[in-house]
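Worksheet for the structure shown next.
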Amino acid sequence: MTTTPLLRGLLLRASHGCARPGRRVIMFGDRTALRELVEPVIEAMGYELVMVELTGAGSKTLRVYIDSPGGIVLDDCETVSRQVSTLLDVDDPISGEYALEVSSPGLDRPLAKPEHFRRAEGNMVRIRMIRSHLGRRNFTGLLKCVSGEGAVVEVDGEEYELAYNDMDRARLVSEFENKIPRSRR
C-alpha cells in the first residue's frame, strides 16, 4: 500500500483479486452497498458520511465525502482514509485495483440524503436524473422545498417535482459558479 500526500487524502490500494469464501464483491456503481459498509466506521469516528461513489471502469476510484459540524481538515481525511482502507483490506469488496479518495464535500457539496436537501433549501442546486423527466435530465435552479420523497426545483420560472429515487446525482451550485454566465460554464 502506497500513500501519496495529496490534499484529498488519496490512498492507492492494490487488490490481490483472490476470491475468498463469504467475500461480497460490490459491483460498479453500487453506492448503497459501499455506504452500508463504510458508514458505521466513519460515524463511530465522529464524522458524517456525506456520499460514496465508485467511478471508472478500468482505473477505478472510490470517493468518500465526509463532514463534521466544525468542518474538515486534511488530518481528518487522512485519519478516515486509514480506517476505511483497513476496512476495505479486510472485507475486500471491490475487485481489482482502485484509488481511495477521502475529502470534504467542498463548496459544491453533493446532496445524497434528504437531510442534505433540507439544509440546502433556498440555495441553487444542480440535479441530474437517471432518466429523462418531463423532457430533460438536468435541472439547475433554486431548491424551493423538500419532502421525504423528493424536492421541488425552480428552473427558469417553472417548478419541477423530482423524486430522490430518480436522481442520479445532485449537488449545491457554489456562489462563485452561480455568478458565471451559463454560456461560459
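The values are calculated or read from the model by the stated rules, or taken from the named source; none is laboratory data. Everything numeric in this text was worked out from a predicted model, so none of it was measured. Here the Cβ is made from the backbone with ideal geometry for all residues, glycine too, and neighbour counts use every protein chain on show.
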Flag if residue 175 is in contact (Cβ under 8 Å) with a residue 60 or more places away in the chain and loosely packed, with under 12 Cβ neighbours inside 10 Å: yes
Looking for whichever is closer than 28 Å to residue 166 by Cα, among the hydroxyl-bearing types (Ser, Thr, Tyr) and assigned by TED's automatic domain parsing to the domain that holds residue 71 here; the options are 81, 85, 95. Which one fits? 95
Counting only residues that are farther than 14 Å from residue 111 by Cα, of a type in the set (D, E, K, R) and surrounded by 13 or more Cβ atoms within 10 Å (Cβ to Cβ), how many does the stretch 122-136 have? 0
